[in-house]
Structure formats: structure tokens, C-alpha cells
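In what follows, a structure is listed as C-alpha cells, so that the remarks can point back to it.
The values are calculated or read from the model by the stated rules, or taken from the named source; none is laboratory data. Everything quoted here is computed from the prediction, not taken from an experiment. Surface areas here come from the heavy atoms of the whole protein model, side chains and all, with no ligands, DNA or RNA. Shrake-Rupley method; radii C 1.70, N 1.55, O 1.52, S 1.80 Å.
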Amino acid sequence: MTATISGIHHVNERVDRAQWPIYDAGFIIWGAAMLLAGFLLLRGSRREMALQEV
């Protein structure tokens with residue numbers, strides 16, 4: 001039995017078992033990138049609103 005990154009299931013179980021960790025890691029990295037992009041967009045909009053209030 002292989003360990004998973006998320007501990008629940010694998011992202012893509014249709015590929016060869018050796019590739020499961022690659023898909024799992026890619027999913028985690030993509031999610032982190034989306035969180036970072038959302039944070040940067042939110043931060044930018046707050047900065048723009050602060051400049052308009054002055």
C-alpha cells in the first residue's frame with residue numbers, strides 16, 4: 001500500500017501506480033498557486049481602494 005499526500009485518495013488512479021505521487025503533488029502545488037493568486041488579487045484590490053479614498 002502506498003502513502004498518499006492527502007491521506008484520503010489519489011488524484012488520478014488510472015495511470016501507472018508509480019505516477020500517483022506526481023499527480024498528487026501537482027494537485028497540491030496547483031491549489032497552493034491558486035490560493036497565492038487569490039491572495040495577491042485581494043491585496044491589490046485593497047490597495048487600489050485605499051488609494052481611491054485619499
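Please work out if Ala50 is of a type outside the set (Phe, Trp, Tyr), in a helix (DSSP H, G or I), open to solvent by less than 100 Å² (accessible area, probe 1.4 Å) and at pLDDT below 85.
Values: of a type outside the set (Phe, Trp, Tyr): yes; in a helix (DSSP H, G or I): yes; open to solvent by less than 100 Å² (accessible area, probe 1.4 Å): yes; at pLDDT below 85: yes.
When the stated conditions are applied, Ala50 passes them.
Just the residues that are open to solvent by less than 60 Å² (accessible area, probe 1.4 Å) and modelled with pLDDT of 90 or more, please, taken from the range 1-19.
The one that is open to solvent by less than 60 Å² (accessible area, probe 1.4 Å) and modelled with pLDDT of 90 or more: Val15.
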